[in-house]
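The values are calculated or read from the model by the stated rules, or taken from the named source; none is laboratory data. All of these numbers come straight from a predicted model, not from anything done at the bench. Cβ placement follows ideal geometry from the backbone for every residue including glycine, while neighbour counts extend to all protein chains displayed. What goes into the accessible areas is simple: the full protein's heavy atoms, side chains included, and nothing from ligands, DNA or RNA. Shrake-Rupley method; radii C 1.70, N 1.55, O 1.52, S 1.80 Å.
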Amino acid sequence: MKKIIATFSLLIGFGAFAQDQFSGISTSNRVGILNGVINPAEFANLSKKFEVNIAGISFNASNNKIGFNDLNSDNLDQLIFTGSAPVNARFDGTIMGPGFATKWLKWGFAVTTAAHAKFDMVDIDPTIGNAITNDNLVLNTTVLNNPNNQRLSGTSYGEVGFSLARTIFENDKHRFSAGATLKILFPGSYSNFGLSKLNGTVTENASGAYLTTNSPAILNVSYSGNLAESFSNFNDYSKSIFGGLNGFSGDIGVNYQLKSGSGYKVNFGLSIRNIGRMTYKDNNNASTTYTLNIQPNVQNPQGLDLSVFQNVDNLREVEQILRDSGYLTELPTERNFKVKLPTSLCTYADFKIIPKIYVTAYLQQKLNKDDGNNQITVPNIFSITPRVNLGFFEAYLPLSFNDISGTNLGFGFRLAGFYLGSSSIITTLANGKSGDIYLGYRFAFL
């Protein structure tokens, strides 16, 4: 488990840590494939007749504990588990692959590809985390009473999307559009450790930290693909992003424009994204739910020694340690299991203040809870983005509010078809708890 925490720290240093992928560029009035990913109705509003996406890459992560300056600390593992608030942390990497979009009369069409890799820590009790990672024990006894589902979860999957949009009504002042995207899903790897209803005691003494439970907790252990072998090796996420065809999801959206000349004064959109689920099937598959009851016994007279998890980096080892200790009672087991996508409601409004100057308000609200064992997570976000658009050049300054890391300020620009940006670079450098980077290239013609 200590390796898992170290891996997350590495991901923070590698990718940055944020929440809002392609922030600023995805709501630009230079409408393209990135706009259609947010709301498929935008494919009816393409700025050019044809658009080709070459590639786009976004690395995001966020947490509620450590800042950018903490990355230089020798005690990073311990800093993550400071205080009494549960630990929440996310890493999210997305690669937008080749894509094509076109509009014809009142219709818009698109084919898109993407690959995703995610790692989540949800509501982790800092006492247990600190006892596992901290070699300098403090002699005390801590009572735990956490009804939440504490999760460590990793997943990778690919998708191919087919989008259709149409302008429903248009006159000199108004335009209404609607659209939908069907996504074919290719689940690669998945791993989940979910511990709920934990009521117990952590006792720390000179020989170690020991956990006992006052009542049985519920433990779910699920894994599939490469993540069955290693939970903390980032290469295992990238090796098996595209698995077999085993799932479908969809996006639906509507769009309204208050027109002004060849552009608009207001562009409003509403969409529901990632409605669906995927099934993981693999020879390594397992999804097992247990009752966890830890009491002192002859083998472990003080309870479960939490130090045994320090060098564990996959769930099979965790599961085997608990089995061998006699603490688990197995409930019905599934060989194949379904994982829900991060369904969210997205809405935005882009206002033209004066020619060349725009301001966008954007809201993303999760529709499912993060604590479900077979649920991929998504953050709640609200952002305001002022933007200057000179045609071939565009610059923007997104200010976002995230339910994990708080307030973030970023910067980005577009030069013709190339774009580079971050939703949090300014606050990251000022010791913020999140940061990200994205870049890509696309071109449009006719």
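Kindly check whether there is at least one residue in the stretch 366-374 that is open to solvent by less than 30 Å² (accessible area, probe 1.4 Å) and of a type in the set (S, T, N, Q). Checking the stretch 366-374: not a single residue is open to solvent by less than 30 Å² (accessible area, probe 1.4 Å) and of a type in the set (S, T, N, Q). If the condition is being open to solvent by less than 50 Å² (accessible area, probe 1.4 Å) and either modelled with pLDDT under 80 or under 30 Å from R442 (Cα atoms) (or both), then the stretch 60-70 contributes N60, A61, S62, D70.
Selection of first residues in the stretch 230-259 that are within 24 Å of R316 (Cβ to Cβ) and of second residues that are at pLDDT below 55 and hydroxyl-bearing (S, T, Y), restricted to Cβ pairs under 7 Å at least 6 apart or on distinct chains, gives the following pairs, ordered by first then second residue: S232/T7; F234/T7.
Of all residues in the stretch 340-378, which are part of a strand (DSSP E or B) and without any contact (Cβ under 8 Å) to a residue 60 or more places away in the chain? Spell out the reasoning first.
So in the stretch 340-378, the residues part of a strand (DSSP E or B) come out as 340, 344-354, 357-366, 375.
Within the stretch 340-378, I353, I354, I357, V359, A361, L363, Q365, K366, Q375 qualify.
Checked against the criterion of being among the hydrophobic types (A, V, I, L, M, F, W, C) and within 29 Å of A430 (Cβ to Cβ), the candidates L79, L46 yield just one match: L79. Just the residues that are of a type in the set (A, V, I, L, M) and either at pLDDT 80 or above or open to solvent by 60 Å² or more (accessible area, probe 1.4 Å) (or both), please, taken from the stretch 307-329. Within the stretch 307-329, V308, V318, I321, L322, L328 qualify.
Residues of the stretch 249-263 that are at pLDDT below 95 and either within 14 Å of D350 (Cβ to Cβ) or assigned to a strand (DSSP E or B) (or both): K259, S260, G263.
Of the residues making up the stretch 38-50, those that are more than 23 Å from S422 (Cα to Cα) and in contact with a Phe, Trp or Tyr (Cβ under 8 Å, 6 or more places away or on another chain) number 5.
For the subset of the stretch 50-105 comprising residues that are part of a strand (DSSP E or B) and of a type in the set (S, T, N, Q), which member is nearest to N145 (Cα to Cα)? Explain how you work it out, then say what you get.
To start, the set of residues in the stretch 50-105 that are part of a strand (DSSP E or B) comprises 50-63, 87-96, 99-104.
Now narrow it down to the ones that are of a type in the set (S, T, N, Q): 53, 58, 60, 62-63, 88, 94, 102.
On the way: N53: 50, S58: 38, N60: 32, S62: 26, N63: 23, N88: 18, T94: 36, T102: 55 Å.
The qualifying residue nearest to N145 (Cα to Cα) is N88.
In a residue-by-residue description of the stretch 389-407, the property of being touching a helix residue (DSSP H, G or I) at 6+ places or on another chain (Cβ under 7 Å), open to solvent by less than 60 Å² (accessible area, probe 1.4 Å) and part of a strand (DSSP E or B) applies to no position. Scanning the stretch 91-146 for residues being of a type in the set (D, E, K, R), modelled with pLDDT under 90 and open to solvent by 60 Å² or more (accessible area, probe 1.4 Å) gives a total of 1.
The set of residues in the stretch 348-365 being surrounded by 18 or more Cβ atoms within 10 Å (Cβ to Cβ) and either closer than 21 Å to I124 by Cα or not basic (K, R) (or both) consists of Y348, D350, Y358, T360, Y362, Q364.
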